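The values are calculated or read from the model by the stated rules, or taken from the named source; none is laboratory data. Remember, it's a predicted structure, so these values are computed and weren't measured experimentally. Every residue, glycine as well, gets a Cβ built from its backbone with ideal geometry; the counts of neighbours run over all protein chains shown.
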Amino acid sequence: MAQTLTHKIISTHLISGKMEKGEEIAVKIDRTLTQDATGTMAYLQFQAMGVDKVKTEFSISYVDHNMLQMDFRNADDHKYLQSVAAKHGIYFSRPGNGICHQVNVERFAVPGETLLGSDSHTPTSGGLGMMAIGAGGLDVAVAMAGGPFYMKMPEVVGVKLIGKLRPWVAAKDIILELLRRLSVKGGVGRVFEYFGPGVKTLSVPERATITNMGAELGATTSIFPSDEMTLDFLRRQGREQDWVNLEADWDAEYDMVEVIDLNQLVPMVAKPHQPHNVVPVSEIEGTPLTQVNVGSCTNSSYHDLMVVSNALRGRKVSEKLSMTVSPGSSQVFRMIAGNNALADMIAAGVRVLESACGPCIGMGQAPTSAGNTLRSFNRNFKGRSGTPDANIFLASPETCVASALNGCITDPRKLGDYPEIKMPQKFLVDDRLVIPPAEDPQSVEVIMGPNIHPVEDSWYPPLDDKMEIPALLKVEDNITTDHIMPAGAKVLPLRSNIPAIAEYVYYLVDGTYAKRAKEAGASIIIGGENYGQGSSREHAAIAPRYLGVRVVIAKSFARIHKDNLCNHGILPATFVNPEDYDKCDQGDVFVFKGLRKSVEKQADFVAHNKTKGIDIKLHVDASKRQAEDILAGGLIMKMKNANK
């Protein structure tokens, strides 16, 4: 039977379940990655499992998020991450080595293998033919301990690429076009698999840009075939031995097919405040800017920055704005420093930042009040930049550099001839900033600073059968994990301290929420469609759980966040009748009876809205396995109870 690439990889890693759409399956995980904003909690959870050494083929811990060391907290987390990696068989990518996804594509992604990462943009490695999936930190900890990863067997959407991109139209415009068509919830429960003659025209870094932003579609992952372009890239990285030829059968059938004619694409831009709010650049050309940022895990490759440098050579960034560039890795940084591209950017007035996530996660370089910032990043959620009233626009590096020169959003095709970028036969390969695990792990002491707060059992009481609790918050469609648990320089240093970071839950939506939640003791949240989209940060589940959230009722949930809620003992329930969302308000008190039996059977149940005097029919949005986790108070408690 003909198979898609997705089916081929899953079939070779299937541990349990049937590969039938919507059925829960368990797959073996070959490799894992973490980053420092999510990694500290993941490793605290891994240590709580009592496993001496990771059981994966390869696991790596990156430091790329919490890089502004304003006090001891981030520095302490980094020291903890380095010591725990040394002790438990994990490789450690030092601060300065680069953004996890860029480095992983360059040095560690392997076609045909599975990768689970505690970051929603882990699918970046799908550009190299890898089944790379983002997940919460606890799921990654379980994988490191030798457990499988559970997910629903996804639909496979075939994206057929035909033609070839025209000058100044970039890979970023391909994924923006897909977002324009399908929206931020168009990929939920789906894998996007790219095929067709247009695939052969795209390099691995271009493919990685596309798979990176598949996360914005809500997709389980995105993947390209491993072909001669993949081999060419791996050969230039000095690791051609990792290559395998891997693609879909020619007659494979997809659940759905989207056709994109690359010849017809034009430069695109995502307007505030969602990545799917996409229009042609020409439609908003002339919009004034106060800031332009190039970088992030989406667009910080050698090719991206060489295009920017060539366009800037001999010119000056407009005095109307500030422009920054963040090289994606130490490899990219050193290469553009060695060929004078970096000097050309600096001469043009560019401010060069370190190889880190930086402005993309609100870690520095916040724009002006009510300012317009154009970024080659992947998310433009309100407040994500660090300036609550700023407007974030997303576009390719090509559009960014053209706009930086003119001081306003500009079609890059007006820059003239597209620069010819000659790729090196060999990339600069130096892995000395990746520290292997200790040869004598018994001698390693794990160092935990005073801000690191281990997980406590008291945070995870089992689900009550009867509850009478208030809805302390009602939010709209497409609420993101940035809304639930903000990032930025003020909050990120608290990632290893749940009691402290819980003070900022829904801080940008309602500054009184955390205080009210603690006073209530137990509560629920009401949400709309696609609740919890965006980042994989499990803190958006752990911190509300700490504050007493027991149930989240929504029209629908984003995949990773729903998994995180179940992992941490919060019941995700959906409205059987979506119109009932309009009948519920913040402050309403809900009565639940016989809840444990309903969850155990995954049956529909009734919540009585005592305030309105009406019954609301709800559905348990969890698998049988997840229902067991919720009943126990969370996955950690279920595992502990099983070991008693």
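Taking the condition of being in a loop (DSSP other than H, G, I, E, B) and either modelled with pLDDT of 95 or more or charged (D, E, K, R) (or both), how many residues in the stretch 187-204 meet it?
Adding up the residues that qualify gives 3.
Scanning for something at negative phi, modelled with pLDDT under 95 and of a type in the set (Lys, Arg), does the stretch 160-180 turn up at least one residue?
Initial filter on the stretch 160-180 (at negative phi): 160-162, 164-167, 169-180.
Narrowing the set further to residues that are modelled with pLDDT under 95 leaves none.
Within the stretch 160-180, none of the residues are at negative phi, modelled with pLDDT under 95 and of a type in the set (Lys, Arg).
Here's the yes/no breakdown for (1) touching a residue at least 40 places away in the same chain (Cβ under 8 Å); (2) touching a strand residue (DSSP E or B) at 6+ places or on another chain (Cβ under 8 Å); (3) under 15 Å from His568 (Cβ atoms):
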residue: Gln602; (1), (2), (3): no, yes, no
residue: Ala607; (1), (2), (3): yes, yes, no
residue: Lys612; (1), (2), (3): no, no, no
residue: Leu618; (1), (2), (3): yes, yes, no
residue: Ile630; (1), (2), (3): yes, yes, yes
residue: Leu635; (1), (2), (3): yes, no, yes
residue: Lys640; (1), (2), (3): yes, no, yes
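Picking from Met153, Met130, which residue would you name as being buried (at least 23 other Cβ atoms within 10 Å of the Cβ) and modelled with pLDDT of 95 or more? Lay out the reasoning, then the answer.
On the way: Met153 fails: buried (at least 23 other Cβ atoms within 10 Å of the Cβ).
Of the residues listed, the single one that is buried (at least 23 other Cβ atoms within 10 Å of the Cβ) and modelled with pLDDT of 95 or more is Met130.
Tell me, which helices (runs of 4 or more DSSP H) wholly within the stretch 397-506 include 1 or more residues that are touching a residue at least 60 places away in the same chain (Cβ under 8 Å) and more than 29 Å from the chain's Cα centre (by Cα)? Even if it seems obvious, please write down each step before you answer.
Numbers: elements: 397-406, 481-484, 498-501.
Because the criterion is at least 1 residues that are touching a residue at least 60 places away in the same chain (Cβ under 8 Å) and more than 29 Å from the chain's Cα centre (by Cα), the helices (runs of 4 or more DSSP H) in the stretch 397-506 that meet it are 397-406.
Condition check: in a loop (DSSP other than H, G, I, E, B), more than 19 Å from the chain's Cα centre (by Cα) and surrounded by fewer than 24 Cβ atoms within 10 Å (Cβ to Cβ). Does Lys382 satisfy that? Spell out the reasoning first.
Working: in a loop (DSSP other than H, G, I, E, B): yes; more than 19 Å from the chain's Cα centre (by Cα): no; surrounded by fewer than 24 Cβ atoms within 10 Å (Cβ to Cβ): yes.
The answer is no for Lys382.
Could you list, in sequence order, the residues of the stretch 507-540 that are more than 20 Å from the chain's Cα centre (by Cα), of a type in the set (D, E, K, R) and within 20 Å of Lys382 (Cα to Cα)?
Once the filter is applied, which keeps residues that are more than 20 Å from the chain's Cα centre (by Cα), of a type in the set (D, E, K, R) and within 20 Å of Lys382 (Cα to Cα), the stretch 507-540 yields only Asp510.
Anything in the stretch 136-168 that is out of contact with any Pro (no Cβ under 7 Å at 6 or more places or on another chain) and closer than 30 Å to Pro419 by Cβ? List them, or say none. Explain how you work it out, then say what you get.
If we filter the stretch 136-168 for residues that are out of contact with any Pro (no Cβ under 7 Å at 6 or more places or on another chain), which is where we start, we get 136-161, 163-167.
The answer is Val159, Lys160, Leu161, Gly163, Lys164, Leu165, Arg166, Pro167.
Filter the stretch 584-598 down to the residues that are buried (at least 16 other Cβ atoms within 10 Å of the Cβ), under 22 Å from Lys474 (Cα atoms) and of a type in the set (D, E, K, R) and list them by number. Steps first, answer last, please.
Going through the stretch 584-598, the residues buried (at least 16 other Cβ atoms within 10 Å of the Cβ) turn out to be 584, 588, 590, 592, 595-596, 598.
In the following step, the residues that additionally are under 22 Å from Lys474 (Cα atoms) were identified as 584, 588, 590, 592, 595.
Matches in the stretch 584-598: Asp588 only.
Would you mind finding the one in Ala2, Ala37, Ala26 that is modelled with pLDDT under 95, small (Gly, Ala, Ser) and surrounded by fewer than 20 Cβ atoms within 10 Å (Cβ to Cβ)?
Details: Ala37 fails: surrounded by fewer than 20 Cβ atoms within 10 Å (Cβ to Cβ); Ala26 fails: modelled with pLDDT under 95.
Just one listed residue meets the conditions, Ala2.
Restricting the search to the stretch 507-545, which residues are under 26 Å from Thr221 (Cβ atoms) and among the basic types (Lys, Arg)?
Selection gives Arg537 alone.
Yes/no matrix, rows are residues, columns are (1) aromatic (Phe, Trp, Tyr); (2) touching a Phe, Trp or Tyr at 6+ places or on another chain (Cβ under 7 Å); (3) surrounded by fewer than 24 Cβ atoms within 10 Å (Cβ to Cβ):
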| residue | (1), (2), (3) |
| --- | --- |
| Leu138 | no, no, no |
| Gly147 | no, no, yes |
| Val159 | no, yes, no |
| Ile162 | no, no, yes |
| Leu165 | no, no, yes |
| Leu176 | no, no, no |
| Gly198 | no, no, yes |
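Of the residues that sit in the stretch 201-253 and are surrounded by fewer than 19 Cβ atoms within 10 Å (Cβ to Cβ) and in contact with a Gly (Cβ under 7 Å, 6 or more places away or on another chain), which one is farthest from Ile479 (Cα to Cα)?
Per the stated criteria, the residue is Val244.
Show the residue pairs that are 6+ apart or on different chains and have beta-carbon atoms under 7 Å apart, the first residue being within the stretch 164-176 and assigned to a helix (DSSP H, G or I), the second being among the charged types (D, E, K, R).
That search, which allows pairs on different chains as well, returns Ala171/Glu206.
Of all residues in the stretch 1-45, how many are under 24 Å from the mean Cα position of the chain (by Cα) and at positive phi?
Result for the stretch 1-45: 1.
Would you check if Cys566 is hydrophobic (A, V, I, L, M, F, W, C), in contact with a helix residue (DSSP H, G or I) (Cβ under 6 Å, 6 or more places away or on another chain) and surrounded by 14 or more Cβ atoms within 10 Å (Cβ to Cβ)? Steps first, please.
Numbers: hydrophobic (A, V, I, L, M, F, W, C): yes; in contact with a helix residue (DSSP H, G or I) (Cβ under 6 Å, 6 or more places away or on another chain): yes; surrounded by 14 or more Cβ atoms within 10 Å (Cβ to Cβ): yes.
When the stated conditions are applied, Cys566 passes them.
Matching residues to (1) of a type in the set (Lys, Arg); (2) over 27 Å from Phe149 (Cβ atoms); (3) at pLDDT 95 or above:
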position	(1), (2), (3)
Phe557	no, no, yes
His568	no, no, yes
Pro578	no, yes, yes
Asp588	no, yes, yes
Gln602	no, no, no
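Can we say Thr124 is in contact with a Lys or Arg (Cβ under 9 Å, 6 or more places away or on another chain) and crowded, with 21+ Cβ neighbours inside 10 Å?
On the way: in contact with a Lys or Arg (Cβ under 9 Å, 6 or more places away or on another chain): no; crowded, with 21+ Cβ neighbours inside 10 Å: yes.
For Thr124, the condition - in contact with a Lys or Arg (Cβ under 9 Å, 6 or more places away or on another chain) and crowded, with 21+ Cβ neighbours inside 10 Å - is not met.
State whether the residues of the stretch 599-614 include one that is surrounded by 13 or more Cβ atoms within 10 Å (Cβ to Cβ), in a helix (DSSP H, G or I) and out of contact with any His (no Cβ under 8 Å at 6 or more places or on another chain).
There is at least one residue in the stretch 599-614 that is surrounded by 13 or more Cβ atoms within 10 Å (Cβ to Cβ), in a helix (DSSP H, G or I) and out of contact with any His (no Cβ under 8 Å at 6 or more places or on another chain).
What are the residues in the stretch 267-313 that are small (Gly, Ala, Ser) and either in a loop (DSSP other than H, G, I, E, B) or more than 20 Å from the chain's Cα centre (by Cα) (or both), if any? Please lay out each step first, then the result.
Step one: of the stretch 267-313, the residues small (Gly, Ala, Ser) are 270, 282, 286, 295-296, 300-301, 309, 311.
Across the stretch 267-313, the qualifying residues are Ser282, Gly286, Gly295, Ser296, Ser300, Ser301, Ser309, Ala311.
Would you confirm, using the coordinates I've provided, whether Lys624 is within 27 Å of the chain's Cα centre (by Cα), surrounded by fewer than 23 Cβ atoms within 10 Å (Cβ to Cβ) and of a type outside the set (A, V, I, L, M)? I'd like the intermediate steps shown before the answer.
Values: within 27 Å of the chain's Cα centre (by Cα): yes; surrounded by fewer than 23 Cβ atoms within 10 Å (Cβ to Cβ): yes; of a type outside the set (A, V, I, L, M): yes.
Taking the combined requirement at face value, the residue satisfies it.
Can you find, within the stretch 419-445, the residue that is farthest from Gly338 (Cα to Cα) among those that are surrounded by 16 or more Cβ atoms within 10 Å (Cβ to Cβ) and β-branched (Val, Ile, Thr)?
Only one residue tops the list, namely Val444.
Would a scan of the stretch 314-326 turn up a residue that is over 30 Å from Gly383 (Cα atoms), in a helix (DSSP H, G or I), of a type outside the set (Phe, Trp, Tyr) and out of contact with any Lys or Arg (no Cβ under 6 Å at 6 or more places or on another chain)?
The answer is no; no qualifying residue exists.
State whether one or more residues within the stretch 88-101 are closer than 22 Å to Gly127 by Cα and without any contact (Cβ under 8 Å) to a residue 40 or more places away in the chain.
Scanning the stretch 88-101, I find no residue that is closer than 22 Å to Gly127 by Cα and without any contact (Cβ under 8 Å) to a residue 40 or more places away in the chain, so the answer is no.
Which residues, counting only those in the stretch 281-323, are among the hydroxyl-bearing types (Ser, Thr, Tyr), buried (at least 20 other Cβ atoms within 10 Å of the Cβ) and touching a helix residue (DSSP H, G or I) at 6+ places or on another chain (Cβ under 7 Å)?
Of all residues in the stretch 281-323, those among the hydroxyl-bearing types (Ser, Thr, Tyr) come to 282, 287, 290, 296, 298, 300-302, 309, 318, 322.
Checking which are buried (at least 20 other Cβ atoms within 10 Å of the Cβ) leaves us with 296, 298, 300-302, 309, 322.
Matches in the stretch 281-323: Ser296, Thr298, Ser300, Ser301, Tyr302, Ser309.
Please tell me if Lys474 is touching a Cys at 6+ places or on another chain (Cβ under 9 Å), surrounded by fewer than 20 Cβ atoms within 10 Å (Cβ to Cβ) and not β-branched (Val, Ile, Thr). First the steps, then the outcome.
Details: touching a Cys at 6+ places or on another chain (Cβ under 9 Å): yes; surrounded by fewer than 20 Cβ atoms within 10 Å (Cβ to Cβ): yes; not β-branched (Val, Ile, Thr): yes.
Yes.
Assuming Thr6 fulfils every condition listed in (1) touching a Leu at 6+ places or on another chain (Cβ under 7 Å); (2) over 30 Å from Glu354 (Cβ atoms); (3) of a type in the set (Val, Ile, Thr) apart from one, which condition is it?
Exception for Thr6: condition (1).
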